[in-house]
1. Helix 16-30 against the longest principal axis of the chain: what's the angle in degrees, Cα atoms only, rounded to the nearest 10?
2. GNM, the chain, Cα, under 10 Å: largest mean-square fluctuation among 218, 102, 135?
3. Express the Stokes-Einstein translational diffusion coefficient of segment 3-47 in µm² s⁻¹, to the nearest whole number, given a Kirkwood radius over alpha-carbon pairs, 4 °C and a viscosity of 1.567 mPa s.
4. Can you tell me how much longer the chain between residue 257 and residue 101 gets when fully stretched, taken as 0.36 nm per residue apart minus their C-alpha distance, in nm with one decimal?
5. Compute the angle between helix 123-135 and the longest alpha-carbon principal axis of the chain, please, reported from 0 to 90 degrees and rounded to the nearest 10.
6. Could you give the length gained on full extension between residue 199 and residue 110, defined as 0.36 nm per residue of separation minus the Cα-Cα distance, in nm?
7. Under a crude label model (7 Å from the Cα following the beta-carbon direction), how far is residue 214 from residue 156 in nanometres?
8. Taking a ≥ b ≥ c as the square roots of the Cα gyration tensor eigenvalues, with a/c under 1.5 meaning rounded and otherwise prolate when a/b beats b/c, else oblate, which class fits segment 211-323?
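Just so it is clear, none of the values below were taken in a lab; they were calculated from the coordinates. Just so it is clear, the structure is predicted and the values come from calculations on it, not from any experiment. Cβ coordinates were reconstructed from backbone atoms using ideal geometry, including for glycine residues, and neighbour counts include every protein chain displayed.
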């Protein structure tokens, strides 16, 4: 098949979504498919275009399996300015649609079999449908997080007119797609309520590469670099953003300030990092570390004794922190502050590798962390159980095959509709 993949991030960008989609493209290419990737110039790390990629609005690279076209993302560092972010997403999506509709190469090569568009941003949904219509392919929208639900639930979008317009765009994107893929049953139920055909919403989980991410020694170079040798390391590694209840991490640090052996590490960058650092001023047991290169992820994850997955109340229906699977692959136990019955809470129970507590409950969160720190043998056993559990999870190859089969199914359905006409 000839496929177009429309994604906001792609290697060498370090965004987690970009890492997943990059590997998915590689696996699809390994199955013999030709792929055009349309993505942004790398910008996630500092929310500005990275050195070496500036100077051009559009850059194109040939690969053994197809092409990668990188476009200016019109980045903005202020995530609280929704109008500016919306304009940024709209500009990037409009440019992606224009490039994707035109295609690459001779006119006879413009025909495609399908488009896979990744959301957020939701505006890429409209771009994906536009490309599919122009070039004769079926269209799949992959929803990593359900927007605008996330920003509405967090209280950052309150104007009734803006909320109404965003919800209308969301419904149109879902209804325009031939299929919508989501990461969990929670997200499936959410999206299905907003579509004319609930059966078009399919669960295809993100994968974890258990070969690349595997258990390593705790006392590794990451610990040495950041002065963590010999410590009990409690780590949050990921986006330091609005969806994460990272005030819980600081509350736990305050509660354990008298224990010289325990250190809390917040590894990553994001919109609330500066505010969080200001709140943590004076806490000697809190260490902030900038986002690390992707190839260092096993070392970062392995340096922790315990990992943290703090999500704000009500967000489990619209967001699934995929880093949980990387934590399991690294063979580490975790404490999750999430809605009861959510996907992450269920994984904690099924895997036996984590403790789930109610969201935004500092006392319960701190108590769970203390329990794991006080029982190191059981904590190590939990990590081993998590590793065994995730090894049976969807592999990159299995996820690629699921998408291959979905596109084939949609193409057959499309041919059937044309025959009926």
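1. Approximately 50 degrees, to the nearest 10.
2. Fluctuation is largest for 102.
3. Numbers: Rh = 10.7 Å.
Translational diffusion coefficient: 122 µm²/s.
4. Values: separation 156, 0.36 × 156 = 56.16 nm, distance 5.71 nm.
Full-extension gain reported as 50.4 nm.
5. So the inclination is approximately 30 degrees.
6. On the way: separation 89, 0.36 × 89 = 32.04 nm, distance 3.02 nm.
Length gained between residue 199 and residue 110: 29.0 nm.
7. Distance between the two pseudo-spin positions: 3.8 nm.
8. Working: a/c = 1.69, a/b = 1.09, b/c = 1.55.
It is oblate, given that a/c is not under 1.5 and a/b is not larger than b/c.
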